[in-house]
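Remarks on the structure that follows.
The values are calculated or read from the model by the stated rules, or taken from the named source; none is laboratory data. Since this is a predicted model, take the numbers as computed values, not measurements. Quick reminder, even Gly has a Cβ in these numbers, built from the backbone with ideal geometry, and neighbours come from all protein chains shown.
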Amino acid sequence: MKAITVDEPGNEDAMKLGEAPAPVMQPDSLRIRVAASAVNRADLLQRQGLYPPPPGASPILGLECAGEVVEVADFVPGWNVGDRAMALLAGGGYAEEVVVHAGSAMHVPDRLGIEEAAAIPEVFLTVFLNVFQLGGLATGGAALIHGGGSGIGTAAIQLVKAAGATVIVTAGSDEKCARCRELGADVAVNYRSGDFAAEAKQATGGRGVDVVLDSIGAPYLRGNLDALAVGGRLVVIGLMGGAKAELSLAALLTRRLQLIGSTLRARPVEEKAEIVAGFLARFGAALESGEIHPVVHRSFALANAAAAHRLVKASEHFGKVLLQVS
């Protein structure tokens with residue numbers, strides 16, 4: 001099959017369109033002919049040799065896909081050959097075929113094109129896991145989301161609003177802040193010129209937010225803790241800005257704060273199946289109706305994956321960057 005290969009870790013030009021063995025069918029799984037995948041920052045790290053795939057996962061880049069089911073393992077209910085599927089992957093999305101545990105796959109709603117469906121699994125499931133399951137955000141609460149113009153950010157804005165909570169985001173330009181507000185953000189702070197902790201306090205009447213979802217890490221730690229309400233939870237899902245920072249344990253104790261580290265990729269398939277089921281139970285109807293939807297910035301041909309990576313690296317996108325596979 002055609003796939004993007006990386007013989008040696010390096011810059012964007014390390015990726016080449018070539019041939020790779022088709023994945024072997026597994027029990028409880030689906031084989032999907034991939035129509036599209038999407039670029040996530042984890043892909044950039046893996047391409048550089050900084051984020052190896054978990055044991056047993058495909059070494060091919062790509063953490064999500066959408067396409068047509070072409071094979072169903074025995075005794076897998078709810079799926080038929082020819083169904084449209086979108087799936088969360090531990091790897092392998094930058095290729096013509098993937099094999100994925102059925103619990104990590106979702107049916108593509110009729111209203112969605114197969115290509116734009118590839119923009120859903122990784123970011124919407126990441127937000128659901130970290131803001132709602134781990135963060136415990138409730139109706140009437142408030143969340144601070146960093147990177148409001150990213151795939152994670154655009155998904156979070158919609159899910160938090162659909163859940164009846166207040167959403168405050170940061171973004172790197174006034175234009176992106178405006179687009180975040182158009183998408184539904186209650187407050188958008190340009191992190192280059194504003195104080196997101198102060199804005200979060202002001203937006204919540206001085207109380208602070210219940211959940212912070214952070215992919216930056218060290219430089220935002222103090223501001224994140226300042227932004228939290230008593231009993232609030234900081235969920236860290238990335239370290240784009242650095243991994244080491246000083247932490248005042250007194251703040252955690254006196255304000256009963258929780259600091260949670262979280263990743264999705266390496267979780268067992270059973271846990272991923274529970275996350276998928278929980279997401280569909282909570283937000284499946286909103287997805288079907290179009291109340292929540294993927295935000296796609298641009299699509300590239302698979303052979304042009306290097307350009308897609310450069311765009312994501314530059315943070316010039318709003319929403320998801322896709323790769324057209326077949």
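May I ask you to list the residues in region 35-68 that are under 20 Å from Leu112 (Cα atoms) and either without any contact (Cβ under 8 Å) to a residue 40 or more places away in the chain or surrounded by fewer than 18 Cβ atoms within 10 Å (Cβ to Cβ) (or both)?
If the condition is that a residue be under 20 Å from Leu112 (Cα atoms) and either without any contact (Cβ under 8 Å) to a residue 40 or more places away in the chain or surrounded by fewer than 18 Cβ atoms within 10 Å (Cβ to Cβ) (or both), then Glu68 is the only one that fits.
Could you say whether any residue in region 171-187 is of a type in the set (Gly, Ala, Ser), touching a Leu at 6+ places or on another chain (Cβ under 6 Å) and buried (at least 24 other Cβ atoms within 10 Å of the Cβ)?
Checked region 171-187: no residue is of a type in the set (Gly, Ala, Ser), touching a Leu at 6+ places or on another chain (Cβ under 6 Å) and buried (at least 24 other Cβ atoms within 10 Å of the Cβ).
Report, by residue number, each residue of region 6-34 that is in contact (Cβ under 8 Å) with a residue 40 or more places away in the chain and assigned to a strand (DSSP E or B).
Val6, Met15, Leu17, Ser29, Leu30, Arg31, Ile32, Arg33, Val34
Do you know which residues across region 220-243 are over 19 Å from the mean Cα position of the chain (by Cα) and modelled with pLDDT under 95?
Scanning region 220-243 gives Gly242, Ala243.
So Ile114 passes all but one of these: (1) surrounded by fewer than 20 Cβ atoms within 10 Å (Cβ to Cβ); (2) farther than 24 Å from Ala87 by Cβ. Which condition number does it fail?
So the condition that Ile114 fails would be (2).
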